[in-house]
1. With (1) surrounded by 15 or more Cβ atoms within 10 Å (Cβ to Cβ); (2) out of contact with any Asp or Glu (no Cβ under 9 Å at 6 or more places or on another chain); (3) of a type in the set (Ser, Thr, Tyr) as the list, and Tyr376 as the residue in question, which single condition is left unmet?
2. Counting just the residues of the stretch 202-222 that are among the basic types (Lys, Arg) and closer than 12 Å to Leu290 by Cα, which one comes out least open to solvent (accessible area, probe 1.4 Å)?
3. If only one of Ala434, Ala440, Ala480 is of a type in the set (Gly, Ala, Ser) and open to solvent by 20 Å² or more (accessible area, probe 1.4 Å), which one is it?
4. Tell me which of these Glu239 doesn't satisfy, since it passes every other one: (1) at pLDDT 95 or above; (2) open to solvent by 30 Å² or more (accessible area, probe 1.4 Å); (3) under 14 Å from the mean Cα position of the chain (by Cα).
5. How many of the residues in the stretch 291-303 are out of contact with any His (no Cβ under 9 Å at 6 or more places or on another chain) and either open to solvent by 10 Å² or more (accessible area, probe 1.4 Å) or in a helix (DSSP H, G or I) (or both)?
6. Kindly indicate which of Leu343, Leu326, Leu364 is on the phi < 0 side of the Ramachandran plot, open to solvent by 10 Å² or more (accessible area, probe 1.4 Å) and aliphatic (A, V, I, L, M).
7. Can you find a residue that is among the β-branched types (Val, Ile, Thr), closer than 19 Å to Ala333 by Cα, touching a residue at least 40 places away in the same chain (Cβ under 8 Å) and surrounded by 13 or more Cβ atoms within 10 Å (Cβ to Cβ) anywhere in the stretch 412-424?
8. With the stretch 1-117 as the region, which helices (runs of 4 or more DSSP H) entirely inside it contain at least 1 residues that are open to solvent by 70 Å² or more (accessible area, probe 1.4 Å) and charged (D, E, K, R)?
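The values are calculated or read from the model by the stated rules, or taken from the named source; none is laboratory data. What you are looking at is a predicted structure, and each value in this text was computed from that prediction instead of being measured. So basically every Cβ, Gly included, is an ideal-geometry build from the backbone, and we count neighbours across all protein chains shown. For the accessible areas, the whole protein counts, side chains as well, though only heavy atoms, and no ligand, DNA or RNA atoms are used. Shrake-Rupley method; radii C 1.70, N 1.55, O 1.52, S 1.80 Å.
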Amino acid sequence: MRKYPRPSKPDSSVAVIDIGSNSVRLVVYEALERSLVSIFNEKALCGLGREVQSTGLLATDAINKALTALRRFRALCRVMKVGRVYAIATAACRDATNGPDFIAKAERICHVPVEILSGPREAYLAAQGVVSSVYKPNGIVGDLGGGSLELTDVRGHRIGRGITLPLGSLALQDASKKSLKRADRIVKSALAGAIPLKAGEGRTFYAIGGTWRALARIHIIQSGYPLRVMHGYSVPAAEALDFVRRLRRLAASQMLADIEAVAEARQPLLTYAALVLEHIIRIAKPKTILFSTYGVREGLLYSMLPAAERSRDGLICAAQALNGLLSRSAHHAEELIEWTDRLFRTAKLHETEDERRLRHAACLLSDIGWRMHPDYRSEQTLNLIMHGNFGNIDHQGRAFVALSVYYRYAGFNEVNGPSPVICELVTSPMDERARILGAAFRVAHLISAAQPGVLSATRFKRSGRKLTLVFEHRLVDLVADRVGGRLKQLARLVGRSGSIVLR
């Protein structure tokens, strides 16, 4: 029986001020914990790294924009009563001759030290961001900023030695003097000796950075993909290669200005980001490109957690947090995990380790819709789970968990079926398992009214093709025809007949 430690009470809020080569950003998180929850996120596109490659300096107008943004961010931290503020700076500030002077001014405004990340340190923190947000990562992490590209090999919690290259979108635009042919030669030369890419064949390439996310956003829209959640969005590498080639042709035809899904200030950089990704795919030969919204900032905070916290499952932590906030009884959901464990063992329903953790997450989220209007609980909870701001789950897993809770509320009436676009994300066997789990939730919540201490007084028995739910005698008054009907429905879904017995 799997036991998950309960989350500790959140500490004070924490913020990261990220002084990047293209944007300066403030992200405030509810607390420093395993499953980070951002409560405020704002960026200013300042372009600090716009001229560093050609002049060696941060541009004066960019400095003024950045300092103005930092004054606002410091004021926001004061208004929000943020407990701890961390500030970091990346490639432009470490490479520019006037970087130290700018950082000194930034520190006076922010009232905290600004850590100028070295290239290897930036690569390590980006990789930590992926480790914190992707279940069992295995591949190459690439963090493309305005000033640099960091590449790191990641296998589970093991992080290889990262490298940094001056291939950020702004840096590449500057160094090539806006010539795509020259930029192509620069990228090809720089990546030729990139050691991490040599181990990328057949694995996943984890793409981090705002401009690469902009590429993903365009791909989502153009492909008609049903889910607009960026984190965990994956594209087969061959398809991604065709896409970035097509994007470069659009740039050559000066048609990128028509792309409304991307901020105007970022549009000129799309071509350079596409160019870098194209060469990475050619050299590394990955199987899949996966886009991550977790990077250096999240990696910084993740690295500050105790080892025991870092080892916890981020998905389960996020589900526990939502369970504690929205369910009638947090403890009941934990009993539901054990109850469905017993059901799956008794009915001999095979699960992989990943399928089991998804089931456990669904148990924790099975009662989060109780405050909603009964007519809309199913679709509202489905939307909440599908679009929830948490990691450690891919889009297919999201759909499975969401459908499991959807069926708990909606039942199996074909008229009230889930949206076909959500069902497209899962395989038929996954949908079948979601139906079984939803049916189990319908039995469990009807028996217990989502209150603890009831499910533990019932157990499952299997005899041939018959599945029996045995109640302790003290629960005799909870047995009703409706409970029996739902149990029979559950039993049919697992290929058996069902009945209730009092012990």
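1. Every listed condition holds for Tyr376 apart from (1).
2. Initially, the stretch 202-222 is screened for residues among the basic types (Lys, Arg), giving 203, 213, 217.
Adding the requirement that they be closer than 12 Å to Leu290 by Cα leaves 203, 213.
On the way: Arg203: 26, Arg213: 43 Å².
Across the stretch 202-222, the extreme among qualifying residues is Arg203.
3. Working: Ala434 fails: open to solvent by 20 Å² or more (accessible area, probe 1.4 Å); Ala440 fails: open to solvent by 20 Å² or more (accessible area, probe 1.4 Å).
After ruling out the rest, the residue left standing is Ala480.
4. (3)
5. First pass over the stretch 291-303, keeping only residues out of contact with any His (no Cβ under 9 Å at 6 or more places or on another chain): 295-303.
If we keep only those that are either open to solvent by 10 Å² or more (accessible area, probe 1.4 Å) or in a helix (DSSP H, G or I) (or both) as well, we get 296-303.
Qualifying residue count, the stretch 291-303: 8.
6. On the way: Leu343 fails: open to solvent by 10 Å² or more (accessible area, probe 1.4 Å); Leu364 fails: open to solvent by 10 Å² or more (accessible area, probe 1.4 Å).
Checking each option against the conditions leaves just Leu326.
7. Of the stretch 412-424, the ones among the β-branched types (Val, Ile, Thr) are 415, 421-422.
Then drop every residue that is not closer than 19 Å to Ala333 by Cα, which leaves none.
For the stretch 412-424, residues among the β-branched types (Val, Ile, Thr), closer than 19 Å to Ala333 by Cα, touching a residue at least 40 places away in the same chain (Cβ under 8 Å) and surrounded by 13 or more Cβ atoms within 10 Å (Cβ to Cβ): absent.
8. On the way: elements: 52-55, 60-79, 91-95, 99-110.
By residue number, 60-79, 91-95, 99-110.
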